[in-house]
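S.K.: Can you read through this structure? Questions will come right after.
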Amino acid sequence: MKPEIEAFFDPDTYTWTYIVMDPGSNQAAIIDSVLDYDPASGRTSTASADAVIDFVRRKGLEVEWILETHVHADHLSGASYLKDALGGRTGIGNQVTAVQAVFGDLFNAESEFARDGSQFDHLFSDDESFRIGNLEGRVWHTPGHTPACVTYVFEGAAFVGDTIFMPDFGTARTDFPGGDARTLYRSIRRILALPEDTALYLCHDYETETRSEFCSTTTVAAERARNIHVCDAMSEDDFVSFREKRDAQLAAPRLLLPSVQFNMRGAAFAPPEDNGMQYLKIPVRAADRPAASEEAA
């Protein structure tokens, strides 16, 4: 049985959120939601998540799962807000613990911060199955962009997170902690071994020099034939060489620091401090300065 799918696009972070519905019941899942965040003011808002909530309620859906394809580094997740409003269980791949270990140290998280993934209701193992009503889904670990990336596979559809983009945009970066270009190539080839007519639902899309409209979906066949980074004609070694060279030239994502420390906590801020306020941290790497004698010279 194939799922019914509704897509929502957030133009501020170029993120696609999906509602996956069982056509034989009112059961549904939400994949890769967004909590709006203004880094200049530090304010969050819920317009993107509220659009999802409105659709769920209008359709009379019952949300079983609120799923993440990975710990996003370019937008805050709306998972906890959606769970409070709609119920359901949150889920992510079980390698989220590797992300929590690295970034827990980077942000000097409080001693109470659990690095065992317990902020999520369920941690999926590779090739684990789950259900949305009568729909059966399968979870594939597809690391490389991050160690915790997963793909949710249904009949005729796969939700690929940040592993791969539209054919004219290519593939995900691999320079985050735990990322690896060779691992990403192998994860993508696993996805591209699905039947050629399988629809691949993307977490992001961006404008290119030849395309201004945003697309949520491509196919295995289109990626194998035309993806500019990883089509069938691209060898593993050539991809690794290209991807590592390209990654060395990329700037950090605009919302990297707030996103990761929020999302690694299951879409929550750190506990309030003694003044009642919650904070996001910005690690500072000060530039090396010459010795005083060198400055004087």
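S.K.: Taking region 150-180 as the search range and keeping residues that are of a type outside the set (A, V, I, L, M, F, W, C) and in a strand (DSSP E or B), which one is farthest from Cys231 (Cα to Cα)?
M.R.: Among those that are of a type outside the set (A, V, I, L, M, F, W, C) and in a strand (DSSP E or B), it is Tyr152.
S.K.: Restricting the search to region 124-164, which residues are more than 12 Å from Glu68 (Cβ to Cβ) and of a type in the set (A, V, I, L, M)?
M.R.: Correct list: Ile132, Leu135, Val153, Ala157, Ala158, Val160, Ile164.
S.K.: Run Tyr185 past the list (1) without any contact (Cβ under 8 Å) to a residue 24 or more places away in the chain; (2) buried (at least 17 other Cβ atoms within 10 Å of the Cβ) and report the number of the one that doesn't hold.
M.R.: (1)
S.K.: Sticking with this one: I need every pair where a residue in region 90-119 that is of a type in the set (S, T, N, Q) has its Cβ under 8 Å from the Cβ of a residue that is at pLDDT below 95 and not in a helix (DSSP H, G or I), sequence separation at least 6 or different chains.
M.R.: Sorted first by the residue in region 90-119, then by its partner, the pairs are Asn108/Lys281.
S.K.: Ok, one more. So Ile66 clears everything in (1) surrounded by fewer than 20 Cβ atoms within 10 Å (Cβ to Cβ); (2) touching a residue at least 12 places away in the same chain (Cβ under 8 Å) except one condition, right? Which one?
M.R.: Result: Ile66 fails condition (1) only.
S.K.: Does any residue of region 257-264 turn out to be free of Cβ contacts under 8 Å to residues at least 40 places away in the same chain, surrounded by 10 or more Cβ atoms within 10 Å (Cβ to Cβ) and farther than 24 Å from Asp32 by Cα?
M.R.: Scanning region 257-264, I find no residue that is free of Cβ contacts under 8 Å to residues at least 40 places away in the same chain, surrounded by 10 or more Cβ atoms within 10 Å (Cβ to Cβ) and farther than 24 Å from Asp32 by Cα, so the answer is no.
S.K.: Next question, about the same structure. Being part of a helix (DSSP H, G or I), closer than 27 Å to Asp175 by Cβ and either modelled with pLDDT under 95 or of a type in the set (Asp, Glu) (or both) narrows it down to one of Asp50, Asp105, so name that one.
M.R.: Step by step, each of Asp50, Asp105 is checked, and only Asp105 is part of a helix (DSSP H, G or I), closer than 27 Å to Asp175 by Cβ and either modelled with pLDDT under 95 or of a type in the set (Asp, Glu) (or both).
S.K.: Here's another thing I want to ask about it. With modelled with pLDDT of 95 or more, at negative phi and assigned to a loop (DSSP other than H, G, I, E, B) as the only criterion, which of Ile228, Ile188 stands out?
M.R.: Ile228
The values are calculated or read from the model by the stated rules, or taken from the named source; none is laboratory data. Just so we're clear, the structure is a prediction, and the values are computed from it rather than from any experiment. Here Cβ is always computed from backbone atoms with ideal geometry, including for glycine, and neighbour counts include all displayed protein chains.
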